[in-house]
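The values are calculated or read from the model by the stated rules, or taken from the named source; none is laboratory data. What you are looking at is a predicted structure, and each value in this text was computed from that prediction instead of being measured. Heads up, the Cβs are rebuilt from the backbone with ideal geometry, glycines too, and the neighbour counts pull from every protein chain shown. The accessibility values were calculated without ligands, DNA or RNA, using every heavy atom of the protein model including side chains. Shrake-Rupley method; radii C 1.70, N 1.55, O 1.52, S 1.80 Å.
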Amino acid sequence: MNDMSVSRDVDTGEIKMRARGVEVFYGDTHAIKSVDVDIEDKTVTAFIGPSGCGKSTFLRCLNRMNDTIDVARVKGEITLDGEDIYDPKVDPVQLRAKVGMVFQKPNPFPKSIYDNVAYGPRIHGLSTSKGELDEIVEKSLRRAALWDEAKDRLQEPGTGLSGGQQQRLCIARAVATNPEVLLMDEPCSALDPIATAQVEELIDELRTRYSVVIVTHSMQQAARVSQKTAFFHLGELVEYGETGKIFTNPDDSRTESYITGRIG
Amino acid sequence: MPLLWTVSIILALGVVGYVMGRKRAVATAGGNARILHSLPGYYGTNVAIITIVPALLVMAVWLIIQPILVETRVTEMIPASAIEEAGSRGLVMSDVRRVAGGLDTAIEQGALTEDEARSIRTEFTNVRDTLAGVGVALGSDVTPEVLSAAQRYRELSRSGNLFMTITLLTLAALGFLYSYARTNRDFRARNWVEASVLVILMLASTIAILTTVGIVLSMLWDSWNFFQLYPWQQFFFGLEWRPSFEGGSELGLIPLLWGTMYISLIALLVAVPVGLFAAVYMAEYASKRVRSFAKPLIEILAGIPTIVYGLFALITVGPMLRDYFAEPLGLGSSSSSVMTAGIVMGIMLIPFVSSLSDDIINAVPQSLRDGSYGLGATQSETVKQVILPAALPGIVGAILLAASRAIGETMIVVLGAGAAGRIDLNPFEAMTTVTVKIVGQLTGDTNFSSPEALVAFALGLTLFVITLGLNVLALYIVRKYREQYE
């Protein structure tokens, strides 16, 4: 954390998701142009870039959330553990259980904290008994560093928590379905600095079990939490590499202009 | 002077006020509208409002109060013997008004001069024939007391009208002069217009509220009269509904309330699932194109007059239910039944439930749907577990509003369920509701001093209280749970 040196420890795992020649169209708009990315296991990958550059759109391709938008079309190949996720055999609903997502604004359901976390396990039948479900809920809340604050108020509505707690609840909710990849779309943009720090710490811990992909507007955040960084500009992937290198010695002049604040 | 003329003059004065006020404002600024405090139009509007509004308000109040005052004064003139003869004070007074109106008509048509109308006496002229000659038919000969009361009535009304015209015109002129004199470039016309607009808007809402209060008070008064004639225990707890104008009626509320609740329940059993499912389809599944024509089509149902639904119940649904369900099952042979009215009423209520629920489901934030899909939930799981619970308070509100519509419905019941007050569990039996009986007790020859007629007001009041309670409950639920998400 907070380590900007080039020689940071990057314990690269094997490749979890692979994208080749991905193109996205929103109606007539060509939102993503031929993107190739390899997302590694047990790594935090950050997508940075100016607003409207397509980083969130690309993120939503990774768990087929774009399917819920009528006008969106996706071309190219994205694989998860070598299997094409856009193959007709793949059920997008099952895929989303494996590739969880946390959104920009905390969006707890208007249910109790317990029911929020138990939502995914119940839908996917991950528990056979109440005791098992209790265990999953506790484990997920602990992983989201919310257990100590929430254990005495599990039956209170999730909407009654503070913003930072709500976001950690959403992370616990995503973790509860046992995903292999966790996608985070600007998870801290609605949070104050203290809540942000807590969530960032959490992301670093999540890395030990999952592959995490985070979209962020804050370059400091990308530098703090990620091992790999991809810079998007105008729908293209400009540069992708180790975070330390991107922030200190980028290959592309556009990347340098962006991180030094000259474009964006 | 006829009222229409007075109003026209006041309005014309207002228009003149607008033009002159505007002109004067510009003149005080030396022709440079920029140094005025407000736009020139505001000065004109200010003069027009102060000219017109107070005068018209006074007129409205005057028109309500004057007849009341005149009636009291004239009533004093009528001797007790005449009242006894006619049966009631109200009957004599309606004679008086009729004769007074007849005299006016006679003058208009030239059968009488103004002086003659003022001075004719029953001793010398047959007033009944004279008035019949101009087309005003009277039921009996005019007594001297009624004639002189009618003449007095005319006089008082005339002088009252004259006095009103003078007052109104003076008021308008004073308003005009006052506001015109105040118009100069530093006068804050814009703020004054703003304040007047506020007052006018408040008056409008006050009128709406006062009308509600008036409706309740008038029903309270007649219900009170009813309970003077009929014991309230027997009304509220009576199990029989057998009105008879010869006396000895049994006017129990329970059979009617039972019918009302039974029919409403069946209507809601039809309307709530169908309406809710339609709303879910419209809001969550339907493509924009389907939605754009299906939604208006459903809402057409809400535009059909209820009497048409009644015909549908009478000629189609009723006989069908009788032939295919009631008779084969041995449950009755009447085509008027609770089932018929309930089903047809349920169809009528579908758009109420679906349209409101649709809006409420659409108001559930997209972020909740995303959250659910992002966890790998299917569309129907999302609807069932996230969207419906989030929208539930609003949906309950929609259902309660539909319920108050069902309770107040009359036409479908008359044609679909019949008019027999009865307590029975068999849904293929004819029953009736409170509203139908209100209509029944007040149509035809009614004597407003008998409990059989006055019971209608007690029924109306009961119904009002029930629907008011439902509406308050609906509002309470909607408000209490509205902020669950966000």
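Between a first residue in the range B:253-268 that is touching a residue at least 24 places away in the same chain (Cβ under 8 Å) and a second residue that is surrounded by fewer than 21 Cβ atoms within 10 Å (Cβ to Cβ), which pairs have beta carbons less than 6 Å apart while being 6 or more apart in sequence or on different chains?
Once the first residue is touching a residue at least 24 places away in the same chain (Cβ under 8 Å) and sits in the range B:253-268, its partners that are surrounded by fewer than 21 Cβ atoms within 10 Å (Cβ to Cβ) give B:Leu253/B:Phe236; B:Ile254/B:Leu239; B:Pro255/B:Arg422; B:Pro255/B:Ile423; B:Trp258/B:Ile423; B:Thr260/B:Ile407; B:Ser264/B:Ile407.
Quick one: in the range A:81-101, which of the residues that are more than 8 Å from every other protein chain (Cβ to nearest Cβ) and in a strand (DSSP E or B) is surrounded by the fewest Cβ atoms within 10 Å (Cβ to Cβ)?
Among those residues, the one meeting the criterion is A:Glu83.
Within the bounds of the range A:200-210, is there any residue that is among the aromatic types (Phe, Trp, Tyr) and either over 22 Å from A:Asp41 (Cβ atoms) or free of Cβ contacts under 8 Å to residues at least 24 places away in the same chain (or both)?
no
With a cut-off of at least 2 residues that are farther than 26 Å from A:His30 by Cβ and in contact with a Pro (Cβ under 7 Å, 6 or more places away or on another chain), name the strands (runs of 3 or more DSSP E) lying wholly within the range A:189-261.
none
I'm trying to understand the selection: among the residues of the range B:214-248, which are of a type in the set (Val, Ile, Thr) and open to solvent by less than 70 Å² (accessible area, probe 1.4 Å)?
B:Val216
Testing A:Asp152 on (1) open to solvent by 50 Å² or more (accessible area, probe 1.4 Å); (2) within 11 Å of chain B (Cβ to nearest Cβ); (3) among the charged types (D, E, K, R), one condition comes back false. Which one is that?
The single condition A:Asp152 does not satisfy is (2).
Being of a type in the set (Phe, Trp, Tyr) and either in a helix (DSSP H, G or I) or open to solvent by 60 Å² or more (accessible area, probe 1.4 Å) (or both): is that true of B:Phe457 here?
yes
Just one of the numbered conditions (1) in contact (Cβ under 8 Å) with a residue 40 or more places away in the chain; (2) not assigned by TED's automatic domain parsing to the domain that holds B:Ile350 is not true of B:Phe236; which one?
Exception for B:Phe236: condition (1).
Look through B:Leu56, B:Leu91, B:Leu69, B:Leu63 and report the one residue that is of a type outside the set (Val, Ile, Thr) and more than 30 Å from B:Val199 (Cα to Cα).
Checking each option against the conditions leaves just B:Leu91.
Out of A:Ile123, A:Ile69, A:Ile78, report the one residue that is open to solvent by less than 60 Å² (accessible area, probe 1.4 Å) and facing chain B (nearest Cβ under 9 Å).
Just one listed residue meets the conditions, A:Ile123.
Please pick out the residue among B:Val53, B:Val61, B:Val99, B:Val70 that is over 29 Å from the mean Cα position of the chain (by Cα) and of a type in the set (A, V, I, L, M).
B:Val99
Can you go through B:Arg24, B:Arg98 and tell me which one is of a type in the set (Lys, Arg), assigned to a helix (DSSP H, G or I) and over 30 Å from B:Pro144 (Cβ atoms)?
Result of the check over B:Arg24, B:Arg98: B:Arg24.
Scan the range B:411-433 and tell me whether some residue there is in the same structural domain as B:Thr316 (by TED's automatic domain parsing), hydrophobic (A, V, I, L, M, F, W, C), open to solvent by less than 20 Å² (accessible area, probe 1.4 Å) and over 21 Å from B:Met348 (Cα atoms).
no
With (1) within 14 Å of chain A (Cβ to nearest Cβ); (2) more than 18 Å from B:Pro273 (Cα to Cα); (3) open to solvent by less than 10 Å² (accessible area, probe 1.4 Å) as the list, and B:Ala391 as the residue in question, which single condition is left unmet?
Here B:Ala391 clears every test but (2).
Go through the range B:351-388 and report how many residues are within 7 Å of chain A (Cβ to nearest Cβ), part of a helix (DSSP H, G or I) and out of contact with any Ser or Thr (no Cβ under 8 Å at 6 or more places or on another chain).
Going through the range B:351-388 one residue at a time, the tally reaches 4.
Scanning for something of a type in the set (D, E, K, R), in the same structural domain as B:Leu156 (by TED's automatic domain parsing), in contact (Cβ under 8 Å) with a residue 24 or more places away in the chain and closer than 13 Å to B:Ser148 by Cα, does the range B:103-119 turn up at least one residue?
Yes; the residues of the range B:103-119 include at least one that is of a type in the set (D, E, K, R), in the same structural domain as B:Leu156 (by TED's automatic domain parsing), in contact (Cβ under 8 Å) with a residue 24 or more places away in the chain and closer than 13 Å to B:Ser148 by Cα.
What residue, of A:Leu169, A:Leu182, is within 13 Å of chain B (Cβ to nearest Cβ), assigned to a strand (DSSP E or B) and open to solvent by less than 20 Å² (accessible area, probe 1.4 Å)?
A:Leu182 is the lone residue from the list that is within 13 Å of chain B (Cβ to nearest Cβ), assigned to a strand (DSSP E or B) and open to solvent by less than 20 Å² (accessible area, probe 1.4 Å).
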